[in-house]
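Remarks on the structure that follows.
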Amino acid sequence: MKKGIEVNISEGVYGEKPEYLPVVALRGSIIFPDTTLTIYVGRDISVRAVDAGYNEGGLVMCVAQRDVSVEAPAQKDIYEIGTVCKVRQVLKMPGGNVKVLLTGLYRGHADLHFGKKYIECTVAPLIEINPDTIKAEALLRQARDLLATLVATSTKVGKELLVEIASTIDYNKFVNLVANQVVYQDEKKQFFLEEADTEVRLEELCKIINTEIEIAKLDKKISFRVKSQIDKGQKEYYLREQMKAISIELGEGQDEYLELEERIKAAKMPADVQEKAMKELKRFQKMTPSSPDATVSRAYIEWLTDLEWNLQTEDNKDLVKAKEILDEDHYGLFKIKERILEYLAVMQLTGDIKGQILCFVGPPGVGKTSIVKSIARALNRRYVRMSLGGVRDEAEIRGHRKTYVGAIPGKIIYMLKQAQCVNPVLLFDEIDKMNSDFRGDPASAMLEVLDPEQNNTFVDHYLEVPFDLSKVLFVATANTVESIPPALLDRMEIIELTGYTEEEKLQIAKGFLIPKQKAMHGLDKDAYKLGDKAIDEVISRYTRESGVRTLEREIATLSRKIALKLVNAKNAEMQLDCIDIQPSDLEEYLGVEKYKEDFLSLSDEVGSATGLAWTSVGGATLTIDVTLFKGKGDILLTGKLGDVMKESARTAISLVRTRAEEYGITADFAQTDIHIHVPEGATPKDGPSAGVTMATAILSAFSGKPVKKSVAMTGEITLRGKVLAIGGLKEKSLAAFRAGIKTIIIPAENKSDVTEIPESVRNGIKFVYADDISTVFDNAIVK
């Protein structure tokens, strides 16, 4: 043994450090003085330390490792307080491990020295404080009583411990023996190892024993409850088996089994599906009826039998009747009606048709959803609807696997169960509103559903058998195609529904909305009369939309006012004839006008031009204002503009600067600040089609010449002044028509798109085709 070295230690009470000792870093174990412990040593550094201690006096210093996952501990990874132990026995094990029997002697502070072969330390024995006081005696007696209670209550602490401590009068030895058996957390064991104050050790030990007593009582209570439940379950199982045997003897035992078997046979499933259903039925027969697994099997079999696997409704192939039904339900929508008649014509020629997946795209309120109902009625098919707005879980489409608690099939199978046939018209409403998150991407799941080459073997996660969707007529609706994934968009035939003209709205109101609202409000057909002029006023002064939803709400408001008048007159015993509502009466029923013909009432202005914009809810007019003031040539853009629109503004400024001399502009651009503002600043705006409008407003501001208020324009510009094609011309034209615009300047490349615009709009608006910005300036600037 090497001679010890005296070291000054500031914290704790320690004696001299007499000797160097090899150090064994313990992982997941802590040894107390007066206790014996068997450990298994595997790390080379620890094996060498055990060999050195065993061969050179039989002593080692055992300290606990803070993190058991560390293979090569450093100074910071090892506690400083440990136990000096006597190595009683060393036994070599296969694989190089060593089994070591240790007996703890005393606690001490280890000053670690990391050698090449193993860790060594100088040890300062820990001197105990308050080892023999009256309080310590009182705490010892209390601990003995609590320990006796714990042994009687818990099965984890044996009576041998009571025998072992019966003759122990040393307070710290008592704590070491009991803590070794009762304390389970290594951090708490280390606390008892490090604490020098005997009173504190005994007091903490009493608290831990008391806690263990409460835990033992609760554990005993839970065990009793579980045992009672198990006994009850065994009793119920025995009684059920007896009832089952009696039922079989009476011929009543297989009623449910036979019922499910009959339903499987009657369902006329495909052979592979029927085989799976019968296999599940045999599993169900072996189960206890009240068991959770039996409930899952029964629900699965019922889903398979509730679906119609072969029933197909007979399609109406009479084109004349189909056209009558479509015209009866909707005014206009000629493209859709023509497409459905084409579908029926092909069906007549081929006898069957597959792969028809339509997607109606248009602003809200134009009749996308309602026309699908009419399509189902015209085809004599059943109609089911699935709203996809906000759907973000793939399981909504494919279902959950039946191993999950509460699992059900997806909405596709659920809708077919509702339809009770294999060829309904299935509407996917708001297909552009689907989202994706951590639960999956429902749009990707829809790829299989809407692919004619795959959907004849669609597999729902719950059913786990193929179901033929090829006979279903899928129709989707959307406000915009931008948010639909390209792969999904590619599987659908897009049919655009643009906004209605005033004439179309008038006919819809007369033929559909007014009769519908009269019926809904309990009014007779002759309760009130709303003439064409009054309807026109409602359309132009109280609504400004692509569809007719707001118009229908205004007619509903008017109908409620009439209903109130009739009820009041009836209560007053007065007779009211048909109420003829004139345009001048509308304010009484609908309140103050919501919209005025702003563009017709305003005069031409300098630095203000009218543009046209496309939105997901239809077209809209867009005013662009430009003002100039002395400065340093700065450009200020406001109105919540997007990056593309900001770039268009800078392009327009550069274009006007290059043509300044041509239009007599003498202002110094370098000394002039330009502020471009697009009103309705809270609404985000973007896109290149406002380029010509910005250029016109800038030219007007610099030249001092006003822009015609009756002229609106749209088109992208280049630095060379070329006017490029834009999209959404039909919607923009309708918006201009509603706003009272008389002339629209459009790119010459869009000339062919004018034929798509309703005739009434083409007759009411003059279209000017521009391929260069000079054409725009000549027609928009007041000369």
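The values are calculated or read from the model by the stated rules, or taken from the named source; none is laboratory data. Being a predicted model, the structure only gives us computed values, none of them experimental. Neighbour counts run over all protein chains shown; Cβ positions are idealised from the backbone, glycine included. Note: areas computed on protein heavy atoms with side chains; ligands, DNA, RNA excluded. Shrake-Rupley method; radii C 1.70, N 1.55, O 1.52, S 1.80 Å.
In a reduced charge model with +1 at each Lys and Arg Cβ and -1 at each Asp and Glu Cβ, the chain shows a dipole moment near 580 debye about its Cα centre. The solvent-accessible area of residue 771, taken with every protein chain present and a 1.4 Å probe, is close to 100 Å². Membrane-span-like helices in the chain, defined here as complete DSSP H runs extending at least 20 Å along the helix axis by their C-alpha atoms with mean Kyte-Doolittle hydropathy no lower than -1.0, are 134-153, 198-250, 292-306, 334-350, 549-571, 643-658; this is a sequence and geometry rule, not a statement about a membrane. The slack between residue 86 and residue 670, meaning 0.36 nm per residue of separation minus the straight C-alpha distance, is 200.8 nm. A DSSP coil position with no more than 10 other Cβ atoms inside 10 Å describes the following GluC sites (Glu not before Pro) in the stretch 69-134: 71. For Rg/Rh (Cα atoms, Kirkwood Rh), the value calculated from this model appears in (i) 1.22; (ii) 1.34; (iii) 1.02 under label (i). Placing unit charges on the Cβ atoms of the charged side chains and taking the dipole of the chain about its Cα centre, the candidate lying farthest along the positive direction among 103, 519, 696 is 103.
Nonpolar atom fraction for the stretch 29-84, defined as the carbon and sulfur part of the 1.4 Å probe accessible area, stands at 48 percent. By the rule of a C-alpha distance below 26 Å, with chain neighbours fewer than 8 residues away ignored, the lysines paired with residue 221 are 156, 159, 207, 232, 235.
Backbone amide hydrogens, once placed in the peptide plane, bring residue 315 within less than 5 Å of nothing, excluding anything fewer than 5 places away on its chain. Taking the stretch 346-400 on its own, what percent of its Cα-Cα pair distances exceed 16 Å? Taking all Cα-Cα pairs of the stretch 346-400, the fraction more than 16 Å apart is 63 percent. Restricting to the chain, what percent of DSSP beta bridges are antiparallel, rounded to 5? Within the chain, antiparallel bridges account for around 60 percent of the total. Of the GluC sites (Glu not before Pro) found in the stretch 462-560, the ones in coil according to DSSP and having at most 16 other Cβ atoms within 10 Å of their Cβ are 464, 482. Taking the charge dipole of the chain about its Cα centre, with +1 at Lys and Arg Cβ atoms and -1 at Asp and Glu Cβ atoms, the residue from 653, 621, 285 reaching farthest to the positive side is 285. Both radii come from the Cα set of the stretch 516-615: Rg as radius of gyration, Rh as Kirkwood radius; their ratio Rg/Rh reads 1.11.
Check cross-link reach from residue 276 to the lysines: straight Cα distance under 23 Å, and skip same-chain residues fewer than eight apart. Correct list for residue 276: 265, 268, 286, 402, 411, 417.
Once the C-beta distance of residue 116 and residue 283 is scaled by a Förster radius of 45 Å, the resulting FRET efficiency is 0.10 to the nearest 0.05.
The helix-based estimate of mean residue ellipticity at 222 nm for the chain, built from -39,500 (n - 2.57) per DSSP H run of four or more residues and divided by its residue count, is -13000 deg cm²/dmol to the nearest 500. Cross-link reach is defined here as a Cα-Cα straight distance under 28 Å, omitting same-chain residues fewer than 8 places apart; for residue 722 the lysines meeting it are 640, 646, 685, 705, 708, 709, 730, 732, 742, 751, 766, 783. Accessible surface for the chain, divided over its residues, is 51 Å² per residue with a 1.4 Å probe.
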